[in-house]
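Notes to accompany the following structure.
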Amino acid sequence: MAGEKPAHRFPMTVRRNLITEKVSQTKRLEPKPKTEREWMLVAADADANRFNLKCMSLLAFLSALSFLLEELGLFSVQPEIMLVSALTGLVLFSLPVVLYLIHDKLSGRSDSILEHAGFQYVIIGFAYAGTALFCVTLSFHTVLLLALPPLLAAQYHDRDRLFFWTLILTILLVPVSVYGSFFFGAVDRNLLKGMVSDETVMQPLDRLALATPKRMLELFLHYVIPRLFGVIAIVLLADGVVRRNKKMLDRQEALSRRVQEDMEHITEMQSNVINALATIIENRDTGTGEHVIRTKHYVRMVAQALSKEEDFCDSLSPEEIEWIAAAAPLHDVGKITVSDTILLKPAKLTQEEFESIKTHTTKGKEMIRKVFCDLDDEKFLKTAEDIAVGHHEKWDGSGYPRGLKGEEIPLSARIMAVADVFDALSSVRVYKDAIPPQMAIDVMMGESGTHFDPRIMRVVWKIRDEIIAYAQSPLAAAESQRS
């Protein structure tokens with residue numbers, strides 16, 4: 001009404017960086033990584049598992065296809081050996097895929113086996129088993145499969161352990177494939193050259209008679225060594241890929257850390273400007289900057305409680321709450337344009353004086369846009385403007401400066417109004433004494449649906465004990481004594 005003394009001013013704040021909660025809200029297998037780098041590595045290995053499962057699926061399909069082609073007469077391998085190789089290979093290459101489908105798709109579990117630290121060893125283990133089977137039974141037909149396990153292992157970040165065991169197992173796999181195919185695999189004219197005069201299938205005991213030391217040495221020199229060099233070259237190449245990826249990850253992490261530090265520094269500087277400006281303005285008529293600190297606490301307290309309500313949970317994310325709390329100190333920035341005579345007047349304001357003080361809302365919005373025009377945070381600026389221009393609007397439309405009604409008033413301004421009025425009622429001002437916090441809440445509840453959003457006031461009533469406890473805390477008491 002005309003002549004009424006404005007009863008509220010807002011908190012001073014230190015604007016804080018938000019720590020992204022998407023990753024922490026994402027369900028992961030235990031133990032959960034604790035650092036940003038570990039989260040990145042888990043995600044990278046999960047992608048590698050997903051890619052390698054596709055490779056294993058393709059190999060399982062090719063295993064089945066090879067048997068069908070043999071039946072059509074495209075290969076000249078003994079049917080019995082081909083049947084065993086194809087079916088066993090199909091099983092070995094399919095098992096990791098089956099485990100994934102059971103765990104992730106059929107069980108309905110919220111976590112993923114792709115993010116399990118040991119699943120990569122399952123994939124590589126079955127890849128080695130399938131590779132060894134085909135290299136032994138089919139010999140030269142599948143020699144390229146020797147490169148498969150190292151290439152699968154190269155997808156993961158765990159260079160030290162995976163590289164060591166991949167190298168050892170691959171070195172062992174080469175002689176196993178050569179000598180195994182000599183004794184147990186399909187008859188191969190390359191391995192048995194000069195010893196087999198027809199296509200008769202030789203039994204392992206028959207081949208054992210051919211395994212003279214000279215023949216074994218010949219196999220080692222002419223078959224094991226060349227394959228070994230080729231496979232070791234592939235393993236070293238795969239290790240080089242892992243090393244390069246690790247260096248790129250380290251550089252990306254260092255750059256990200258540097259950018260984050262720069263952003264923190266910039267945000268701190270912005271915060272200091274906002275705090276200093278808000279404190280200067282609040283000191284003009286309250287004599288202390290703790291009013292803004294205290295009111296910011298009320299704003300965050302009410303907003304967090306509202307975020308748990310069905311009506312507000314979608315519009316009050318953690319980020320939104322921080323934006324509101326960070327912008328709150330600027331709600332009365334427009335008072336810098338109001339004379340001290342009006343601000344510090346202990347008596348009732350005249351109609352002309354009241355009209356003058358009402359302009360601090362629109363002036364505040366203009367100042368925020370001008371002073372912080374270079375701030376690359378449109379959401380923060382919009383929130384600060386809404387609070388500055390709208391915190392004196394009333395739910396029934398009788399407020400100022402625009403006479404907005406109900407939900408026409410931005411939610412941030414509605415929350416600000418509650419915090420501002422409560423602190424004004426429960427604190428000493430030049431034109432009034434303080435009233436007890438409980439009485440202040442009772443007075444405000446009487447204006448629910450007229451001055452304040454009734455849904456917000458219902459939440460305030462729920463957390464009234466928490467609000468009162470903070471109002472009676474040493475910080476609040478110290479502020480009152482200094483006022």
* Within segment 380-410, track down each residue that is surrounded by fewer than 21 Cβ atoms within 10 Å (Cβ to Cβ) and aliphatic (A, V, I, L, M). => 381, 404
* To do: Among residues belonging to segment 36-93 that are among the aromatic types (Phe, Trp, Tyr) and surrounded by 15 or more Cβ atoms within 10 Å (Cβ to Cβ), point out the one that is farthest from residue 135 (Cα to Cα).
  => 39
* To do: Report the residue count in segment 44-62 for those that are aliphatic (A, V, I, L, M) and free of Cβ contacts under 8 Å to residues at least 12 places away in the same chain.
  => 2
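Residues checked against (1) touching a Leu at 6+ places or on another chain (Cβ under 7 Å); (2) more than 25 Å from residue 263 (Cα to Cα):
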residue: 366; (1), (2): no, yes
residue: 378; (1), (2): no, no
residue: 388; (1), (2): yes, yes
residue: 391; (1), (2): no, yes
residue: 398; (1), (2): no, yes
residue: 403; (1), (2): no, yes
* Going by the structure shown, is residue 148 in contact with a helix residue (DSSP H, G or I) (Cβ under 7 Å, 6 or more places away or on another chain) and either surrounded by fewer than 16 Cβ atoms within 10 Å (Cβ to Cβ) or within 21 Å of residue 59 (Cα to Cα) (or both)? -> yes
* Quick one: in segment 234-262, of everything that is surrounded by 12 or more Cβ atoms within 10 Å (Cβ to Cβ) and small (Gly, Ala, Ser), which residue is nearest to residue 135 (Cα to Cα)? => 238
* Considering only segment 263-379, give the helices (runs of 4 or more DSSP H) lying wholly within it that have at least 2 residues that are at pLDDT 85 or above and exposed (fewer than 13 other Cβ atoms within 10 Å of the Cβ). => 351-358
* Run down 86, 60 and say which single residue is of a type outside the set (Ser, Thr, Tyr) and under 14 Å from residue 142 (Cβ atoms). => 86
* residue 427 fails exactly one of the following numbered conditions: (1) at pLDDT 95 or above; (2) on the phi < 0 side of the Ramachandran plot; (3) in a loop (DSSP other than H, G, I, E, B). What is the number of that condition? -> (1)
* Among the residues of segment 430-448, is there at least one that is among the aliphatic types (A, V, I, L, M), assigned to a helix (DSSP H, G or I) and in contact with an Asp or Glu (Cβ under 6 Å, 6 or more places away or on another chain)? -> no
* Structure fact -> Picking from 414, 455, the residue that is under 33 Å from the mean Cα position of the chain (by Cα), within 26 Å of residue 307 (Cα to Cα) and buried (at least 23 other Cβ atoms within 10 Å of the Cβ) would be 414
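The values are calculated or read from the model by the stated rules, or taken from the named source; none is laboratory data. Treat the numbers as computed from the prediction; the structure is a model and nothing was measured. As a convention, Cβ positions derive from the backbone with ideal geometry for all residues, glycine included, and neighbour counts pool all protein chains shown.
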